[in-house]
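The structure under discussion appears below in the form of structure tokens.
The values are calculated or read from the model by the stated rules, or taken from the named source; none is laboratory data. In this text the structure is predicted, and so the values were computed from the model without any measurement. FYI the Cβ positions are ideal-geometry reconstructions off the backbone, even for glycines, and counts take in every protein chain you see.
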Amino acid sequence: MTLELGNVIAKKIRRAELTPAEGEMIVMELKHLPHHRHADARLFPAAYQLAVDTRRSVYDCLYLALAEAVDGAVVTADRKFYAALANGPYGRKAMWGEDLPQGT
């Protein structure tokens, strides 16, 4: 999750949607988010197979593999990834970011 958020923040700085100082402030606040970290090495075999099955990137499928491992869901704002999952066997594991309950 930290890598994904960091990538989004860096992209917003490149597009001049955030200043470097704003980006740094957001990055510093990431440590306060209530999330668990998981090593990706044990998830790679499942992520690889999911990538082959769904025709999505291994990078995206690491999140899907983690969702499977913890019986959770992937929350995404990546429309192509969401659409690829939503109508298939992994649809129950995909949640569109804007569909999160308020206050979450």
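For the reader, a short list of remarks on this structure follows.
- Residue in the range 85-94 that is free of Cβ contacts under 8 Å to residues at least 40 places away in the same chain, of a type in the set (Lys, Arg) and touching a helix residue (DSSP H, G or I) at 6+ places or on another chain (Cβ under 7 Å) present: yes
- Qualifying residue in the range 27-40 (condition: at pLDDT below 90, surrounded by 12 or more Cβ atoms within 10 Å (Cβ to Cβ) and within 23 Å of residue 99 (Cα to Cα)): yes
Rundown of residues vs (1) of a type in the set (Phe, Trp, Tyr); (2) exposed (fewer than 10 other Cβ atoms within 10 Å of the Cβ); (3) assigned to a helix (DSSP H, G or I), yes/no style:
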| position | (1), (2), (3) |
| --- | --- |
| 51 | no, no, yes |
| 62 | no, no, yes |
| 71 | no, yes, no |
| 81 | yes, no, yes |
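- Residue 88 surrounded by fewer than 16 Cβ atoms within 10 Å (Cβ to Cβ), of a type outside the set (Lys, Arg), more than 16 Å from the chain's Cα centre (by Cα) and not assigned by TED's automatic domain parsing to the domain that holds residue 7: yes
- In the condition set (1) assigned to a helix (DSSP H, G or I); (2) surrounded by 11 or more Cβ atoms within 10 Å (Cβ to Cβ); (3) within 14 Å of the chain's Cα centre (by Cα), residue 22 is compliant with all but (3).
- Among (1) over 20 Å from residue 7 (Cβ atoms); (2) surrounded by 11 or more Cβ atoms within 10 Å (Cβ to Cβ) - the single one residue 66 does not satisfy: (1)
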